[in-house]
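Report on the structure given below.
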Amino acid sequence: MADAIETHLLRKVFGDYAAVKGLTLQVRQGEVFGFLGPNGAGKTTSMKMLLGLISPTSGEAALLGKLIGNREAMRRVGFLPEHFRFQEWLTADEFLLLHGQLLGMKKDDLQQRRNELLERVGLTPFGNKQLRTFSKGMLQRVGLAQALLNRPALVFLDEPTSGLDPVGRRLVRDVIREVRAQGTTIFLNSHLLSEIEVTCDRVAFIQHGEVVRVLELASLANDQTSVAIRVSNLGAESLNGLSQWGREIQRDGEFVHMIIASDTVLPEVTRYLVSQDAEVYSITPNRMSLEDIFIETVGKDGGL
Amino acid sequence: MSAISIIARLTFREAIRRRLMLAGLVLGIAFVILYSIGTHFIFGQIAADTAANMPSQMAANIMKAESTNAFMMMGLYAATFLSVAMAALLGADTLAGEINSGTIQTIATKPIRRADIVLGKWLGFIELLGLYVLLLCGGIVLSTFIQSGHIPQNLLIGLGLIYMESILIMTITLMLSSAFPALATGGIVFGLYGLAFIGGWVEQFGAILQNDTAIKVGITTSLIIPSESLWRRAAFEMQTPLTGTFGSPFTTTSVPSLLMIGYAFVYLIVILVIAVRIFQKRDL
């Protein structure tokens, strides 16, 4: 099965400024893929290139096994842009019908699908209201419904939770889980790392328009755990001995911090400390948050 | 339903929903009413004067027809100008505005050709302009007929040419709108229209004074933008023979050839193709 998204050295130059230097990545079918990076890293430009809105200066990319811009592939793609602006003089019903028609959907299927999705995003009572009367959150919801009309194989969501209240954010997260369960691949561009953390299978960090790191979030819990050990009576030699289980060992007053490969080593670490006659008060494993990794990856200055 | 017709219907509906049609309708009707009130008194005066001063009934009839026609041409000239303004207003914000706001993004990522978007909008505007030209020009002609019984010759050809002028301006606007922001587009279009207008005058005076250079200058401007020559051909088709000798912007002394009309048609198609090409190539 072809990858949902495959790019090779995708590049976009505006004048003499390279917005995207050379993007190479693969997104597997059926996964939720997070696209992370500091502001100005080229995330939106990259997404627009994949969607055929911006033509790349060089490089190649394919969606669902077809080169970008292929209309057959676009029939199976959904897109919720950032700064969503839609025809505000249409009603929500008309807006969804319009986009369904442009997708070439059959009338009956489209009507059924529209009602289904309006229900799902909680806008059924507002179907005949013009979009100009909608709040930002309601527009985001109708935009999400629009992106899912054609039961897409691949959905691009650009900052889908921006401007949403916690209820709306939860809704978006739940909808993402549901469509993922139906086998849809989701390409998610978001600043909200906590969102990414709970929704994504894998993330790519991009900086200056290049992928600097790809991470499986499922493995995050295991290979990126930092431990804070509150301990006294621990000699320097005994401290060094901890290096067989972890790295970046630091003593900070009565705390010892270290990063371990997996929390399965913690019982062994405990036995070791006790055998060294140290007094152990607590051992607290802290899963490294995506935010920690983000800052570690792009640097504190955000790569400026 | 094809993508072109979906976009065309959307364009039409947008004009209705955003009250553009309503504004056009109200102002158009006001325009026709004003014309009718004005000409009501003028035609009455003309009828009285010609009956009193002309040596024979036949001469009186000819004089009456001539002056009625002259006033109708004046009204049609104003209607043409309003149609051109409407064409520029419709086209200026359409692509530029939607690119700027990002509305175009969900449309352009659907499985349709970019050409469908441009052509759909173009067809939608053609429908709207058709209604507008029919309201304004049709209103003037009907009002004149009811008041004086005068029907201009070659009416359909004349109205068709006026319609074509508005389509030409709309197409140029659409092309510019695919490349420039709305305000710049509007500015350039009115600049070009002004150029054509002045060029038309130069050519007219050249014809009256029989100055070849002036006529050539006029023809050259018509080649750059053939909008005014469409009006002048329309005026030539509809005006009475005597009216043509007055020399005014409302009438025509130097008649654009059929070749120029053919050129305008080809020009329009080429501009449309360029509009599509620009829109296909640009980043959204």
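The values are calculated or read from the model by the stated rules, or taken from the named source; none is laboratory data. Just so you know, these numbers come straight off a predicted model, no measurement behind them. All Cβ positions, even for glycine, are placed from backbone atoms using ideal geometry, and neighbour counts span all protein chains on display. SASA here: full protein model, heavy atoms, side chains in, ligands and nucleic acids out. Shrake-Rupley method; radii C 1.70, N 1.55, O 1.52, S 1.80 Å.
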> Among the lysines, which have Cα under 20 Å from the Cα of residue A:43 when same-chain residues fewer than 8 positions away are ignored?
Replying inline: A:12, A:21, A:300
> Accessible area of residue A:208, 1.4 Å probe, to the nearest 10 Å²?
Replying inline: 90
>> I need the semi-axes of the equivalent ellipsoid of region A:1-140: take the C-alpha gyration tensor, multiply each eigenvalue by 5, square-root it, list largest first in whole angstrom.
In response: 32, 19, 13
> Expressed as cubic angstrom per residue, what is the convex hull volume of the alpha carbon set of the protein assembly as shown?
Replying inline: 186
>> Can you tell me the length gained on complete extension of the stretch residue A:240 to residue A:109, counting 0.36 nm per residue apart and subtracting the Cα distance?
In response: 40.5 nm
> What are the extents of the Cα atoms of region A:156-286 along their three principal axes, listed from largest to smallest and rounded to whole Å?
Replying inline: 55, 33, 27
> What accessible area per residue comes out for chain A, rounded to a whole number of Å², with a 1.4 Å probe?
Replying inline: 46
> To the nearest 0.05, how large is the calculated FRET efficiency for residue A:182 and residue B:101 if R₀ is 25 Å and r is the Cβ-Cβ distance?
Replying inline: 0.20
> Just going by the charge dipole of the protein assembly as shown, with Lys and Arg at +1 and Asp and Glu at -1 on Cβ, which of A:189, A:294, A:90 is farthest out on the positive end?
Replying inline: A:90
>> Using Cα springs under 10 Å in a Gaussian network model of chain B, which residue among B:213, B:39, B:109 shows the largest mean-square fluctuation?
In response: B:109
> Tell me, what is the per residue accessible area of chain B in Å², probe radius 1.4 Å?
Replying inline: 44
> So for A:195, A:268, what's the accessible-area order with a 1.4 Å probe, most first?
Replying inline: A:268, A:195
>> Between residue A:170 and residue B:270, what's the calculated FRET efficiency when r is the beta-carbon distance and R0 is 51 Å? Round to 0.05.
In response: 0.40
> Going through region A:169-252, which chymotrypsin sites (Phe, Trp or Tyr not before Pro) have at most 13 other Cβ atoms within 10 Å and a DSSP loop state?
Replying inline: none
> Round to a whole number: what % of the accessible area of the protein assembly as shown belongs to carbon and sulfur, probe 1.4 Å?
Replying inline: 60
> When all protein chains stay in place, what accessible area (Å², nearest 10, 1.4 Å probe) is found for residue B:223?
Replying inline: 80
> Pulled fully out, how much extra length does the chain show between residue A:216 and residue A:191, if you take 0.36 nm times their separation in residues and subtract their Cα-Cα distance?
Replying inline: 7.2 nm
> How far is it, in nm, from the label point at residue B:40 to the one at residue A:261 when both lie 7 Å from their Cα along the line to the Cβ?
Replying inline: 9.9
> Per residue in region A:51-69, which ones lose no less than 50 Å² of accessible surface when going from chain alone to all protein chains (1.4 Å probe)?
Replying inline: A:53
>> Let me cross-check residue B:58: its accessible surface, 1.4 Å probe, with only protein heavy atoms counted, in Å² to the nearest 10?
In response: 140
> So how strong a dipole does the protein assembly as shown carry about its Cα centre when Lys and Arg Cβ are +1 and Asp and Glu Cβ are -1, to the nearest 20 debye?
Replying inline: 1480
>> List the pairs from A:106/B:281; A:66/B:121; A:48/B:281 whose alpha-carbon separation is above 19 Å, in the order I gave them.
In response: A:106/B:281; A:66/B:121
> Between residue A:119 and residue A:135, what length comes free when the chain is fully extended (0.36 nm per residue of separation minus the Cα-Cα distance, one decimal in nm)?
Replying inline: 4.0 nm
>> In chain B, if the dipole is taken from +1 on Lys/Arg beta carbons and -1 on Asp/Glu beta carbons about the Cα centre, which of B:278, B:182, B:89 is farthest to the positive end?
In response: B:278
> Using +1 on the beta carbon of Lys and Arg, -1 on that of Asp and Glu, and nothing else charged, what's the dipole of chain B about the Cα centre, debye to 20?
Replying inline: 900
> Using a basic spin-label model with each label point 7 Å from the Cα along Cα→Cβ, how many nm lie between residue A:254 and residue B:255?
Replying inline: 10.9
>> Given a Förster distance of 30 Å, report the FRET efficiency between residue B:56 and residue B:155 from their Cβ-Cβ distance, rounded to the nearest 0.05.
In response: 0.60
>> If N is the number of residues in chain A, what value comes out of its Cα radius of gyration divided by 2.2 N^0.38 Å?
In response: 1.22
>> Need one value for B:110-121: mean number of C-beta atoms belonging to other chains within 10 Å of its residues' C-beta atoms.
In response: 3
> Hey, how many Å between the Cα centroid of region A:41-90 and the Cα centroid of region B:192-226?
Replying inline: 48
> Separation between the residue A:71 and residue A:295 pseudo-spin-labels, each 7 Å from Cα along Cα→Cβ, expressed in nm?
Replying inline: 5.0
> Rounded to the nearest 500, what is the protein assembly as shown's calculated 222 nm mean residue ellipticity when only DSSP H runs of at least 4 contribute -39500 (n - 2.57) each, over all residues?
Replying inline: -19000 deg cm²/dmol
> If you put +1 on each Lys and Arg Cβ and -1 on each Asp and Glu Cβ, how big is the dipole of region B:50-156 around its Cα centre, in Debye rounded to 20?
Replying inline: 160
> Say we join alpha carbon atoms closer than 10 Å with springs in a Gaussian network model of chain A; which of A:216, A:237, A:197 then has the biggest fluctuation?
Replying inline: A:237
> Looking at A:242, A:161, A:138, which one has the Cα that reaches farthest to the positive end of the dipole of chain A (charges on Cβ: Lys, Arg +1; Asp, Glu -1)?
Replying inline: A:138
>> Could you compute how much accessible area chains A and B hide from each other, both sides summed, with a 1.4 Å probe? Nearest 100 Å² is fine.
In response: 2600
> How big is the gap, in Å, between the Cα center of region A:180-242 and the Cα center of region B:81-99?
Replying inline: 52
> Dividing the convex hull volume of the Cα atoms of region B:3-281 by its residue count, what figure in Å³ per residue is obtained?
Replying inline: 120
